[in-house]
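*Asks:* One structure follows; several queries about it will come next.
Where a number appears in this text, it was derived from the coordinates with a stated rule and is not lab data. Here the structure is a predicted model, which is why all the values come from computation and not from measurement. Ideal geometry is used to build each Cβ from the backbone, glycine not excepted, and the neighbour counts take in all protein chains shown.
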Amino acid sequence: MKIQKLILPAIGLLFAGLGALVVWYFAPSFNQAAARVERLSPLTAALLAESPLGQEGLIEGRVSERNPLHFRLFVAYVRYEYRGRDDDNDNEVKWVEDERVTPALLLDLPGGRVQLANSDYSLQGKLVTWQSEPTLNWDSWSGEGTKSYEGLERGNPVLAVGTVVEGATGREFRAEWLYGGNQAAYIEEQRTSAEIARWVGLVFLLIGAVIFGVGVWVWLR
């Protein structure tokens, strides 16, 4: 009986703990990402060419028309395959990444063109999407499902944060990630995510406090 009375306080503490994690870890991490990008001034092609090796930087421009196409109009993309729905109670849709094509792209910046030095960057932001069929299908016999693509096309606006490195013909840029959009859009998105995370965390904290309080009341009755 005593163990049963501990269930509600334990659930309350769990909710409160999750809320605290969101409020004091996830929300600040979004704000930190926004602050990092906000303090960096975009490098032009000329400035990047003169930057010291290893310097952290931000570049903002467009995907060059000189990049080769890899699928349809995509020059870089991540492909996901639909694998049906989860067997548990939430019945969530399952998507599995099954192909990633992220070559070292050419980016057009103010004053010239810059070569990315790496192909291990992640893709974020407002990306172009394409789905192989309008309805989601998964054939367990053939092991094939609907394909969904997210990526970049020639001419898309792009933002990147990374470091200046030496390439075969001069300075290149090693990108941590490519964001489909501009600096202002990235900062706004991160600030909005931080605010949403903060409110979600506060709701979890409140729910946890109420459940814990009820549990203590039941325990002391």
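*Asks:* For region 8-220, what is the charge dipole size about the Cα centre, in debye to the nearest 20, if Lys and Arg each add +1 at the Cβ and Asp and Glu each add -1 at the Cβ?
*Replies:* Roughly 500 debye, rounded to the nearest 20.
*Asks:* Is the shape of region 114-221 best called rounded, prolate or oblate, per the rule: a/c under 1.5 gives rounded, else a/b larger than b/c gives prolate, else oblate, with a ≥ b ≥ c the square roots of the Cα gyration tensor eigenvalues?
*Replies:* oblate
*Asks:* How far is helix 27-39 tilted, in degrees, relative to the longest principal axis of the Cα atoms in the chain, given as a value from 0 to 90 rounded to the nearest 10?
*Replies:* The two axes meet at around 20 degrees.
*Asks:* If we count other beta carbons within 10 Å of each Cβ, what is the order of ASP108, ASP86, fewest first?
*Replies:* Exposure proxy ranking, most exposed first: ASP86, ASP108.
*Asks:* Let me ask another. Taking +1 at the Cβ of each Lys and Arg and -1 at the Cβ of each Asp and Glu, which of VAL161, PRO9, VAL203 sits farthest along the dipole of the chain towards its positive end, judged by Cα position relative to the Cα centre?
*Replies:* Result: PRO9, furthest along the dipole toward the positive end.
*Asks:* Sticking with this structure for a sec: Can you pull the one-decimal nm distance between simple spin-label points at VAL203 and ASN137, each 7 Å off the Cα toward Cβ?
*Replies:* Output for this residue pair reads 3.7 nm.
*Asks:* Select from LEU40, HIS70, PRO134 the residue farthest towards the positive end of the dipole of the chain; place +1 on Cβ of Lys and Arg, -1 on Cβ of Asp and Glu, and compute about the Cα centre.
*Replies:* Highest projection toward the positive end goes to LEU40.
*Asks:* Still on this structure, I have one more. On a 0 to 90° scale, report how tilted helix 7-21 is relative to the longest principal axis of the chain, with both axes built from alpha carbons and the result rounded to the nearest 10.
*Replies:* Taking Cα atoms only, the helix is inclined about 20 degrees.
*Asks:* Another question, then. Restricting to Cα pairs below 8 Å that are 6+ residues apart, what does the relative contact order work out to for region 1-159? Please round to a whole percent.
*Replies:* 25
*Asks:* For the chain, set up a GNM with springs between Cα atoms under 10 Å and report which of PHE173, PHE30, PHE204 has the largest fluctuation.
*Replies:* Ranking PHE173, PHE30, PHE204 by mean-square fluctuation puts PHE204 first.
*Asks:* To the nearest 10 degrees, how steep is helix 183-220 against the longest Cα principal axis of the chain, on a 0 to 90 scale?
*Replies:* 10
*Asks:* Starting with the highest mean, order 47-55, 177-185 by the number of other Cβ atoms within 10 Å, averaged over the residues of each peptide.
*Replies:* Those peptides, ordered most packed to least, come out 177-185, 47-55.
*Asks:* Just one of (i) 28, 19, 18; (ii) 30, 22, 15; (iii) 43, 27, 13 is semi-axes √(5λ) of the Cα gyration tensor in Å calculated from these coordinates, so which is it?
*Replies:* It is the one labelled (iii).
*Asks:* Same structure, new question: Can you work out the FRET efficiency for the pair LYS94 and ARG66, with r the C-beta to C-beta distance and R0 = 30 Å, to the nearest 0.05?
*Replies:* Working from the Cβ atoms, E equals 0.20.
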